[in-house]
Amino acid sequence: MAAFRVGNKSQGSGGMVPSPRLFASNHREDATNGSGPRPVGPLRPKLFPAGKPRKRAPIWQAAVFASVALNVTLLIHHYVVVGQPGTAASSPHHHQEHHHQEHQACELHPDAGSGGKSRAARAPSTGKPAVTPDSVINLDHGDPTMFEAFWRETGDAAEIVIPGWQTMSYFSDVTNVCWFLEPGFDHEVRRLHRLVGNAAVDGYHVLVGTGSTQLFMAALYALSPPGADEPMSVVSTAPYYSSYPAVTDFLQSGLFKWAGDANAFNGDTYIELVCSPNNPDGSIREAVLASETGKAVHDLAYYWPQYTPITRRADHDIMLFTVSKSTGHAGTRIGWALVKDRGIAQKMTKFIELNTIGVSKDSQLRAAKVLKAVSDGYDELSAEGKQAHHHHRLFDFGRRKMVERWSMLREAAAASGIFSLPEETSDYCNFTKEMAATNPAFAWLRCDREDVEDCASYLRGHKILTRSGSQFGADPRYVRSACSTGTTPMTSSSSASPLSSEVKREYDG
């Protein structure tokens with residue numbers, strides 16, 4: 001059987017299928033679903049004063065901070081406690097049961113691969129390396145595996161089956177500006193935004209990309225005039241997302257170039273990148289530059305209810321989103337853009353056509369089914385007429401997790417005496433219909449010890465990996481630490497650390 005099955009279980013034969021007609025008479029957008037919510041002013045977090053610390057905290061306090069605040073509870077539970085000799089989890093029976101649960105979601109044909117290879121060798125990768133006593137805690141990358149627990153409980157709601165004969169053509173809908181966009185994905189994107197109220201979709205073109213990074217590059221291409229004397233300047237307010245400079249200058253294009261902090265930029269022609277909520281500090285951002293020849297691209301990857309109150313329906317010219325941050329499906333590699341101007345949408349589509357000749361239909365169909373499952377969880381009746389499973393509500397799950405983690409993080413930072421965080425802010429959320437606090441996907445952590453000038457190096461010395469503030473155009477006394485990881489991946493290191501020993505003793509009791 002040449003069928004591709006993705007989901008939590010191997011039961012059922014239904015699934016989303018691509019449109020059977022490539023040449024439709026016309027492409028219609030979904031009808032509007034009510035007026036937008038009232039706008040509320042932007043949130044502007046303030047930093048705790050970075051004065052002299054009251055006293056130098058003993059190493060056990062720093063260990064408690066790292067372990068509680070940086071997801072080590074989950075890490076130790078999964079990798080240390082579960083693996084202790086003599087526990088039920090380490091028994092052969094438990095290991096076999098766990099192995100079966102891990103691989104039943106993506107079974108392969110018995111004849112697949114060479115005859116001598118084991119079933120484990122053909123299993124999907126978990127992305128987690130082996131753990132040793134010399135391993136380190138890696139909080140550098142924002143791998144959103146926190147959501148895995150939610151999706152394991154949704155049954156077949158996010159499962160698809162793609163027969164071998166489907167998704168073979170390059171084309172999805174040749175009447176659409178984005179001719180490789182699957183109609184089902186287009187529909188579910190618009191449906192979810194109308195449900196959440198975080199972005200306008202009527203009058204917008206939906207474009208699909210291989211993650212929002214490809215769409216970011218497509219936007220730079222579309223907004224840069226080809227015959228200009230100088231490359232278009234690309235700017236963003238510091239601290240800015242660390243990948244913006246690297247991606248902008250990676251190919252050394254003659255069309256555009258990285259020009260640094262928007263607050264320090266002088267000129268009228270530019271592309272301003274506005275990330276809101278901002279990566280790395282979680283603040284709500286607006287464009288700081290204004291001119292007739294300047295352009296703005298709004299990166300709204302984190303503008304979802306689990307991270308921040310939804311205060312208005314964004315209606316910018318170009319808005320970028322991704323399933324990585326909205327649902328946690330980073331490995332699916334799907335992002336989308338909402339674009340007002342048809343000409344800009346055509347140029348962005350052309351970039352993707354030349355870059356990758358479209359976007360994987362298989363990934364689009366999976367992403368569409370995932371977004372459908374999210375929306376169905378909040379509808380009174382699902383599309384099949386069944387009562388919605390209210391306990392399968394992604395944004396409620398995500399917000400509970402983030403509130404819990406940030407509560408522990410702030411408590412631990414205050415107790416440490418050497419670390420500080422941005423002040424907590426809150427606002428009325430139009431989606432939840434109540435006041436809600438901001439709970440960013442990353443912690444913008446500052447080390448206030450007078451003898452520490454580079455916080456990332458300090459933590460690395462204690463076998464904790466973070467990303468230095470210098471990579472975000474900010475003071476190296478800051479670091480960005482991931483808060484939305486599930487069981488934090490670990491990588492090997494050659495040196496032992498007193499901090500990791502203290503962390504282990506804390507959780508071994």
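Any read-out appearing in this document is the output of simple, stated calculations on the displayed coordinates, not a laboratory observation. Quantities reported herein were computed from a predicted structural model and do not represent experimental measurements. FYI the Cβ positions are ideal-geometry reconstructions off the backbone, even for glycines, and counts take in every protein chain you see.
Taking packing as the residue-averaged number of other Cβ atoms within 10 angstrom, the listed peptides 149-160, 178-189 run from highest to lowest as 178-189, 149-160. In order along region 176-185, the phi-based Karplus estimate (6.51 cos²θ - 1.76 cosθ + 1.60, θ = phi - 60°) of 3J(HN,Hα) comes to 8, 3, 8, 6, 9, 7, 5, x, x, 5 Hz; Gly and Pro are listed as x. Of the peptides 248-254, 317-323, the order by per-residue mean of other Cβ atoms within 10 Å, starting with the highest, comes out as 317-323, 248-254. Here the extension length gained between residue 341 and residue 290 equals 16.5 nm, from 0.36 nm per residue of separation less the Cα-Cα distance. Rounded to the nearest 0.05, what FRET efficiency is calculated for residue 424 and residue 174 with R0 set to 56 Å and r the Cβ-Cβ distance? It comes out at approximately 0.70. With 0.36 nm allotted per residue and the present C-alpha distance subtracted, the residue 134-residue 228 stretch has 28.5 nm of extension available.
Phi angles of region 450-467 translate, via the Karplus equation with coefficients 6.51, -1.76, 1.60 and θ = phi - 60°, into HN-Hα couplings of 5, 8, 10, 9, 10, 5, 5, 5, 4, 5, 5, x, 9, 6, 10, 9, 9, 10 Hz per residue; Gly and Pro are given as x. Note on region 183-377: Lys pairs 8 or more places apart or on different chains, Cα atoms under 26 Å apart, count 22. A protection proxy built from the mean count of other Cβ atoms within 10 Å ranks the segments 454-466, 416-428, most packed first, as 454-466, 416-428. Computed from the C-beta positions of residue 452 and residue 355, the FRET efficiency with R₀ = 56 Å rounds to 0.85.
With the cut-off at 28 Å, report for region 183-377 the share of all Cα pairs above it, as a whole percent. The proportion of pairs with Cα distances above 28 Å equals 21 percent.
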